[in-house]
Structure formats: structure tokens, C-alpha cells
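Below is one structure, written out as C-alpha cells; the observations come after it.
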Amino acid sequence: MANLPKIYDPQQIEGKWYQFWEENRYFHAEAISNKPSYTIVIPPPNITGILHIGHALDNTLQDCLSRWHRMNGFNVLWLPGTDHAGIVTELIMERKLAEEGTSRKEIGRDEFINRMWEWKSESAGYIVSQLQQLGCSCDWERERFTLDEGLSKAVKTAFVKLYDQGLIYQDTYMVNWCPQCDTAVSNLEVEPIEIDGNFYHIKYPVVDSDIKLEIATTRPETMLGDTAVAVHPEDKRHQHLIGKTVCLPLTNREVPIISDTYVDMEFGTGALKVTPAHDVNDYEIGLRHDLEQRVVFTSDGYMNEDAGQEYSGLTRFDCRKKVVEDLDKLDYLVKIVPHPHAVGHHDRCGTIVEPTISPQWFMNVKPLAQRAIEATNNGDVVFIPERETTRFLHWMENIEPWPISRQRWWGHRLPIWFCNACNESTAAMDTPDTCECGATDFCQEEDVLDTWFSSGLWPFSTMGWPDKTDELDTFYPTSVLVTGWDILFFWVARMIMFGLACTDEVPFKTVYLHGLVADEKGQKMSKSKGNAIDPLETIEKYGTDAFRFALVNTSTPIPYVPLPESQIESGRRFTNKIWNAARFLLMNLEKYPKPIESNNTLDENTLEVNWIKSRLAKTINSSTEALKNFRFHELAQILYAFLWHEFCDWYLEFVKQRLTQNQPYALWIAADVLEQTMRLLHPVMPFLTEEIWQQLTIDGKENNDSIESSITIAEWPNSDAEDNQVEETMDTLMTVIDNVRSIRGELNVPNGASIDIHIQSPDPIIRNRLELYLKQYLPAFTRVNDIIIDETLPKPKASAEAVIGELAIYIPLEGVIDLDEEKARLTKRYQQIAKDINAAQKTLENPQFVERAPENVVQQKKDLVDRLSIEQDKLERSLAMLDVSSS
């Protein structure tokens, strides 16, 4: 049996084990197998080059589930791949082209797509290497890409099927338009962000009258496209004006005053400017009243000729400034009122979107949504946390047509073909042979599909659909989808709808929606905020397992999960603790090798052995339950508590005591317990557990062919019977021992000093436990002379005291410490702490400090007060004990 190095160095361990796993194909799933299947499809990361903290959390949780099921004997397929990402990736390439002094439109579509494929080849490999560095146990032999040949066939098949059902159609409608990306985007891709805007109050003169209607708008530049002013038909202030016209300021046009119930009589003056071509609500008013749709913006956000000669060629925001200046000069501007309000921004590039009337391809998703609602209500798909079910159903019940076409180049071109002779369109897998008109010349639609269309087919297109394949038979529907709650509507909902529409089955049985990683203040991490954690830098600094443990430990079922760096540091300390425990065991197993067959039954029934076996059984059961219920944070906390506190802090101390008595059985049990615990911990910390497990099982593998070659495929532990009586006995001992050690520490009793302990308890069961075991186990933790246990005892002179319920512990201090000297020391420290707390509280009560100091500095000051207050409480208890002792 080899010894472990003194220092745990993740860099020396992680790479070798991942290579070992890959070479032995432990992650490969068989398309035909007698084992039950368990399938996860990875939410495909965009080919943008670098994984972020959200990917790290998402894939760590998926890996936990995959490794756990693999250890439970499942034929596990965790299918990896990447997404072409449409607009996002195009923007990266456009920035690269700009640096080269050229542009997308300058090099043309074919060359641009060639450049995109080159970028994909470079970045996809880097993404794979990052996932492997994270320890992801994906079946890399089945890696897919949303633009590969098989998925392209699936996209065309699904599109044509839905087109033939009348669910995909072309229409001219108002959509969200991104001037930067020069394309339509869906409502889901628009992020409302509050800005500091204004209400501009403008006078609209009524023709042939002295009346001037005051109208407020946040977008005065759109008035150049006004084609009416609307008032409520029941508004008595304006009823007499209905049917008249106003002279539109800054133009030579007159527009009608119309009545419409949409107008809010309580808002402002009750008059509304109507711009049907540039506002969603105005668009609907325009349709009702057959108003002109006057477009004054170009697709890239400039003013066109219809805006007027004075404004044509200006950007929309420069135009706003000039319009306001001109209104002021001509006395049309009444006032400007500050008005913070939410404005839609494209979530991909951050540009403010414009409502624009545009011919687009739409998908009527209402029938598909209804099937998804029924599947959810029937329990065919289950959402965790359960609250997400309500959110999902609300969205599906109110779903609107989906604009699926994008005016971009990188993506799946719509399989729509136009006849060059009659301009009729049709959907087909390939270029049609002939048109109904008899012509044979066709051209394909230039637009590409929204990237979420191909992503929506991911669970089954990656397994060969529409062909019938062994993979589909074995692995579809998939078992679970793990992703962030923020893409429930973008992606999860569409996969469910597409799965039912294309395969008549839900694509997964369970959806686990985890929170988004936040900083310690609860703010979502992002590069723009400067609070993001770089996964690769973190792995380099702390090691993969420490990072993974921190991610799992913080993944509570809340929308934003905070991940302060201190959590990752805690993960590293945990890895070191485990490593040192394993080193201790392996070093001693060299001296006391475990026999192949042990006939030693005397030591087998010692209290500490029975206790640790019972605690292991409970840990196995609770760990299994935590994973079954997707309570990942509970799994981390269960294993942390067992390994750090029960195994290391308590049981190994008992082992050390037994070894001094030349009784190695507790050591052999410790090795067995650690081996099983490494299997429990393996889904969370794969590298560390493989290294330690290999060392712990090396002798067994030489003598037992049934032991697996890797912890990756080792069996998940089965629990023995729990023993509550043994645990209660040990709990009593541990409580007493803890209190004795606390008294020694708080009163500065020298480590080398032996103490007497007097314990009184009216409970005969408690007394019996202590009489049987305390003298046996207490010396493992503290030096002790005499232990007296009785139903009632007088409190010895000059003794410290601890009371636990009806049990009292007395420790005589006379001759052990100098009571006066210790009291003086504690008093001096208490007084200093009181001064420090007072100074810190005065600082926090200073409004200038709280308002001007950085948030982290203020928080540090608050944390200081909390820490000092805790210490102050301890000192008060210690001084109280000394006061009683000396009286």
C-alpha cells in the first residue's frame, strides 16, 4: 500500500485520472444494453469560446447525477454538444472582422459562413477541454453540434412537418427589431432595463381652432411618424374634437383626432399620439381605424426620408435631441418631466429595440402549448422546484405566436422555396422539382431560424431523429433535464412542445431548474458588473474538486445562489482535511495491514466502531435521499458533517487511542468507512475520491477480482442497520467531552495539566452510559485524573461549571490554574473588546461612513462587531465561572 504525498496537489492528480477514465471508456453508453438507461442531454454551451460560472454549476450538477446513476448500475448517457448560437457568435465574428478592417456585408455570406465554421473548429475544442477539466463524465464519442448534418436534417423535417400542419406561416406584423443586429427578435429576447428617461409634453394645435392638445411622450422622435391623435370616446373634455384634425408639429401634415377606448382618460390630458409603425399598442389602434403606417426609421436605427429633410440620416437618439430643440424653438414644447422607465434591450447585444412592422415567418405554438399543458397536468413531466410548474403553465396558457425568422446568416436557413416565376412559396427538405405553375426555377429564403428552434429539437435530434435508431429506442425520452430557471421559456418549454409535436412523447420526465450563481450580496454574476468568477482561474487556484464542492454546497433551491470566494476556500480546506485523514490511515495500515479474513470479534463490538457504522449507514441513506430529491446542497452538507466532524474530529481520535493500545481493528473499520464515504463523495469530488479510493483498495484488488478498476464504476454503497441506542450513548459522551474541552480552552487550562471531573445527573441511564464509557474515551481528547459520577454531588470549591439540561459538570481549578491571574487576563481582554465594539458601532452610526464607504468596507465593519460580540459573550461566561469559583 503506497503512501499519499504530504500535500494534496490537484494539478498532479486531476489530469491523470481524466485520461484514465477516457482511455477505459467509462463514460461511454451502449446503444443496446440490458442495464436500465439513464439519460441527460447537456444544455449545449454556445461556441463563444469560454465557459462561465453558470456552465460550471449546471454541468457539475449534471455530472453528480450521471456519476451517481453509473455507480447504481445504469447505462448512463450524458450526451454533450455545442450550440451554434446564432446572433451571439455572429457578433463575436463581426468584432473580429472590424479589427481586420472589414465587415460581414463586405466579405459576403459565403465567406462569412466559412469564417464561422473556422471559429467553431477552434472554440468547440476549447469548450470540450474546459468541460473535461471540470470533470464532466460525458460520452464524448456522441458529441453533437446544432449545425451538424444530422441535426440539419432534423430541423428541416420538423419545419416541413409543422408547415404542412399550417402552424408555420408568413405574415407582416409588428415585431421587436434590433438595429444593431439588423434582425427581428422574439419577446423573450427583449430584456426590460430601467433608464433615466423623460416625459416630453408637446402641444398639438387643433386645426381651425385655438385649442392645443397637450400630449406626453417618452420618444418624441416618433412623432414624425404620427398618423392620428386618439381620445377616449367618453371623455367629455375632448368629445367635441373627435373627427377634427391637428397640425402635427415640425411637419406640414394634418392627422385626424379619433376615439378609441384604449386611451386612459386619467393619464395626463387624456390625449394620445398614435404612431402605428413604431409602437405595439398604436399598431393595434391603427388596425382598428385603418390608419397609415408611416415608417420613419431605417432597419439600422437611422431616420429615413419620411421623417423629413431636417431629420433624415440622423440616428434615432440624435433625432430625439434635435426634435426637442426644434419643438422648444417653435414653442411647441410645454415641459420636460424626468421619468425613469423600463425600456426593452436586446439581450444579446444590449441595444434598445424598436417596435417595427416587418414581414416575418411565425409559428403558431398555441396547439403545441396545449399539449404541453396537458402533459404537465398529467404528471408526464415534473418540474423541480415545484413552484416552477406554476410559472411554466402561466406562460404556456398565455403564449403568443413565435417569430422564428432572423435576418442573419449563421444558422439553419428556412427550408422555404420561392418559385421565381410566380413567387409562390413552399416548404421542402430540398429544392422542389417543379412548381404548381409548371416552373422549375426556385430560390431559397434568405432568413435563418431562431437558434432556439434547433435547440428545441436537441433531446431527440441528437439521437438520430427523424431516423429510427437504437439510441432513440434506448435513451429517449431522456431521464432529466438540468438547467437554469432563466431559460424555462426560451428552451425548456420549446423542447417539451417540439418533443410532443415530433415524437408524441415528452423529451424528459423531470426538469430540475437550479438557481443562478450570484455574488455574496445576491447579485447575479456577470462580467459587466465586475463580480464574475472565472471557472478556469478558480480551478487553477483551488483545484476542481474544491470548486465543485463549493458549487454543490451553495446550490440551494432559490433563484440566486450566492457563491462567495470563502465558500471555495472552504472547499479547499475540506479536500485537505480528507487528504490528511487518508494519509493517516494509509500510513498506519502499513504498520497494521488489514488481514484478508479477520476473526477478531471482540473489538468489533466496541462502542466507537458500532457508532461509526451506524453513522455511516445514516449518511448513506440521507445521501441517497438527497440525490433522489435533487437536494444537492444537502448532499454536500451531509458528507461534510460526517467526514469532517464525525469521522475526522471524533472517530480518528478513537482510532489513535486504540492504536496506542495496539488494537488496530478500529483502524481497519476506519479504512472501510473512508472507502465507502469516498464512493458517496465521488459524484461531487471525482478526482480526489478516485486517488484515495485507488490507494485504499489496492490490496483488495490484488486478492479479489470482483473489485472494480475505478471508483467511477464502483457500486454505490448499501447501508447496514442503524443503531439509535449506540448513537444516543455516543451523543451523551460527545456532549460531555465537548463541554470539558470548552472549559479548558476558555479558561486557558494548560494542555499538559490533568484535571478532575465531577458529574451529577439524576438520570440513571445517562449515569450508566458515562460510567461505562467516559473513562475509556475521555483520555483520547484531554488529560484527566479522576472522574466522579453520581446522582447528586456538592459543587467543589473553586470549580468551573457547565450545565446541560439536568446534567452538571464541575471541574476543580484550584492548583490547576492561577484563578486571580486568569481573571485579570480575561478582564483585560473583555475591556479591550468592549472598546473595540463601541468604536466600530460609532463608525457604523456615522451616516457619512455608511453612505460614502464601499459596501464591502461597511460589511467588514459589521462582521467585526458580530465576531467581537461572540467573543465577548464567551468571556462573560468564563468570568462568571471564575467569580463563582473564587467565592
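The values are calculated or read from the model by the stated rules, or taken from the named source; none is laboratory data. Small disclaimer: the values here were computed from a predicted structure and weren't measured. A quick note on method: Cβ atoms are made from the backbone with ideal geometry, for glycine too, and the neighbour counts reach across all protein chains shown. Side chains included, ligands, DNA and RNA excluded: accessible areas come from the protein's heavy atoms. Shrake-Rupley method; radii C 1.70, N 1.55, O 1.52, S 1.80 Å.
For the stretch 798-813, residues that are in contact with a strand residue (DSSP E or B) (Cβ under 9 Å, 6 or more places away or on another chain) and without any contact (Cβ under 8 Å) to a residue 40 or more places away in the chain total 1. Under the condition of being open to solvent by 10 Å² or more (accessible area, probe 1.4 Å) and touching a residue at least 40 places away in the same chain (Cβ under 8 Å), the residues counted in the stretch 112-121 number 3.
Screening Thr82 on (1) closer than 17 Å to Pro535 by Cα; (2) touching a helix residue (DSSP H, G or I) at 6+ places or on another chain (Cβ under 9 Å) shows it passes everything except condition (1).
If you filter the stretch 484-542 down to residues that are under 24 Å from Ser129 (Cβ atoms) and among the β-branched types (Val, Ile, Thr), you find that the one that is most open to solvent (accessible area, probe 1.4 Å) is Ile533.
Would you check which residues across the stretch 148-160 are in contact with a strand residue (DSSP E or B) (Cβ under 9 Å, 6 or more places away or on another chain) and open to solvent by 10 Å² or more (accessible area, probe 1.4 Å) and list them?
Step one: filter the stretch 148-160 for residues in contact with a strand residue (DSSP E or B) (Cβ under 9 Å, 6 or more places away or on another chain), giving 148, 150-151, 155-156, 159-160.
Passing the criteria: Asp148, Gly150, Lys156, Val160.
Would you point out which residue out of Thr697, Thr689, Thr619, Thr624 is at pLDDT below 95 and among the β-branched types (Val, Ile, Thr)? Explain how you work it out, then say what you get.
Numbers: Thr689 fails: at pLDDT below 95; Thr619 fails: at pLDDT below 95; Thr624 fails: at pLDDT below 95.
After applying the criteria, what remains is Thr697.
Restricting attention to the stretch 473-497, the residues that are in a helix (DSSP H, G or I) and closer than 25 Å to Ala29 by Cα total 6.
Against the list (1) closer than 21 Å to Lys874 by Cβ; (2) open to solvent by 40 Å² or more (accessible area, probe 1.4 Å), the condition Ala802 fails is (2). A Cβ distance below 6 Å, combined with a sequence gap of six or more or placement on separate chains, defines the contacts here; from the stretch 205-224, residues that are assigned to a strand (DSSP E or B) reach residues that are modelled with pLDDT of 95 or more and open to solvent by less than 10 Å² (accessible area, probe 1.4 Å) in the pairs Val206/Val246; Leu213/Tyr204; Ile215/Ile202; Ile215/Tyr204.
Taking the stretch 498-509, which residues are closer than 24 Å to Asp58 by Cα and part of a helix (DSSP H, G or I)? Let's see the steps before the verdict.
Of all residues in the stretch 498-509, those closer than 24 Å to Asp58 by Cα come to 498-499, 506-509.
Within the stretch 498-509, Phe498, Gly499 qualify.
Have a look at Leu826, Leu868 and point out the one that is open to solvent by less than 60 Å² (accessible area, probe 1.4 Å), within 21 Å of Arg741 (Cβ to Cβ) and of a type in the set (A, V, I, L, M, F, W, C). Can you show your working first?
Numbers: Leu868 fails: within 21 Å of Arg741 (Cβ to Cβ).
Exactly one residue qualifies, and that residue is Leu826.
Can you tell me how many residues within the stretch 233-276 are assigned to a strand (DSSP E or B) and open to solvent by less than 10 Å² (accessible area, probe 1.4 Å)? Walk me through it before giving the result.
Here is the first cut: in the stretch 233-276, the ones assigned to a strand (DSSP E or B) are 245-247, 254-259, 271-274.
Next cut, open to solvent by less than 10 Å² (accessible area, probe 1.4 Å) only: 246, 255, 257, 274.
Going through the stretch 233-276 one residue at a time, the tally reaches 4.
Counting only strands (runs of 3 or more DSSP E) that sit completely within the stretch 775-887, those holding 2 or more residues that are modelled with pLDDT under 85 and touching a helix residue (DSSP H, G or I) at 6+ places or on another chain (Cβ under 7 Å) correspond to 799-804.
I'm checking my understanding of the structure. Among residues of the stretch 440-473 that are β-branched (Val, Ile, Thr) and out of contact with any Leu (no Cβ under 8 Å at 6 or more places or on another chain), which one is surrounded by the fewest Cβ atoms within 10 Å (Cβ to Cβ)? Of everything passing the filter in the stretch 440-473, Thr440 is surrounded by the fewest Cβ atoms within 10 Å (Cβ to Cβ). Determine whether Gln360 is surrounded by fewer than 17 Cβ atoms within 10 Å (Cβ to Cβ), within 29 Å of Leu151 (Cβ to Cβ) and of a type in the set (S, T, N, Q). So Gln360 does not fit the description; no. In summary, Gly135 fulfils each of the numbered conditions (1) crowded, with 19+ Cβ neighbours inside 10 Å; (2) assigned to a loop (DSSP other than H, G, I, E, B); (3) at pLDDT below 95 with the single exception of condition (3). The residues in the stretch 413-427 that are over 23 Å from Asp504 (Cβ atoms) and either among the polar types (S, T, N, Q) or open to solvent by less than 20 Å² (accessible area, probe 1.4 Å) (or both) can be counted, and the count is 7.
Taking the criterion of being touching a strand residue (DSSP E or B) at 6+ places or on another chain (Cβ under 7 Å), part of a helix (DSSP H, G or I), in contact (Cβ under 8 Å) with a residue 24 or more places away in the chain and buried (at least 19 other Cβ atoms within 10 Å of the Cβ), the residues of the stretch 282-310 that qualify are Tyr283, Ile285, Gly286. Here Arg144, Arg115 are screened, and the one residue that is basic (Lys, Arg), out of contact with any His (no Cβ under 9 Å at 6 or more places or on another chain) and farther than 30 Å from Pro359 by Cβ is Arg144. Please work out which residue is modelled with the lowest pLDDT, limiting yourself to the stretch 428-439 and to residues that are open to solvent by less than 50 Å² (accessible area, probe 1.4 Å) and among the aliphatic types (A, V, I, L, M). Looking at residues that are open to solvent by less than 50 Å² (accessible area, probe 1.4 Å) and among the aliphatic types (A, V, I, L, M), I get Ala439. Among the conditions (1) outside the structural domain of Ala56 (by TED's automatic domain parsing); (2) more than 28 Å from the chain's Cα centre (by Cα); (3) open to solvent by 30 Å² or more (accessible area, probe 1.4 Å), the only one that Tyr204 does not satisfy is (3).
Name the strands (runs of 3 or more DSSP E) wholly inside the stretch 367-454 in which the number of residues that are over 27 Å from Asn187 (Cβ atoms) and more than 28 Å from the chain's Cα centre (by Cα) is 1 or more.
Numbers: elements: 382-384, 416-419, 425-427, 442-444.
Of the strands (runs of 3 or more DSSP E) lying wholly inside the stretch 367-454, those with at least 1 residues that are over 27 Å from Asn187 (Cβ atoms) and more than 28 Å from the chain's Cα centre (by Cα) span 416-419, 425-427, 442-444.
Could you tell me which residue of the stretch 758-794 is surrounded by the most Cβ atoms within 10 Å (Cβ to Cβ), considering only residues that are among the polar types (S, T, N, Q) and under 50 Å from the mean Cα position of the chain (by Cα)? Of everything passing the filter in the stretch 758-794, Thr782 is surrounded by the most Cβ atoms within 10 Å (Cβ to Cβ). Filtering Val324, Val343, Val334 for residues that are surrounded by 14 or more Cβ atoms within 10 Å (Cβ to Cβ), assigned to a helix (DSSP H, G or I) and touching a residue at least 60 places away in the same chain (Cβ under 8 Å) leaves a single hit, Val324.
Any residue that is out of contact with any Phe, Trp or Tyr (no Cβ under 8 Å at 6 or more places or on another chain), open to solvent by less than 10 Å² (accessible area, probe 1.4 Å) and in a helix (DSSP H, G or I) - is there at least one of those in the stretch 162-180? Yes: the stretch 162-180 contains one or more residues that are out of contact with any Phe, Trp or Tyr (no Cβ under 8 Å at 6 or more places or on another chain), open to solvent by less than 10 Å² (accessible area, probe 1.4 Å) and in a helix (DSSP H, G or I). For the stretch 34-48, a residue qualifies if it is open to solvent by less than 10 Å² (accessible area, probe 1.4 Å) and farther than 11 Å from Leu481 by Cα, and the qualifying residues are Pro45, Ile47.
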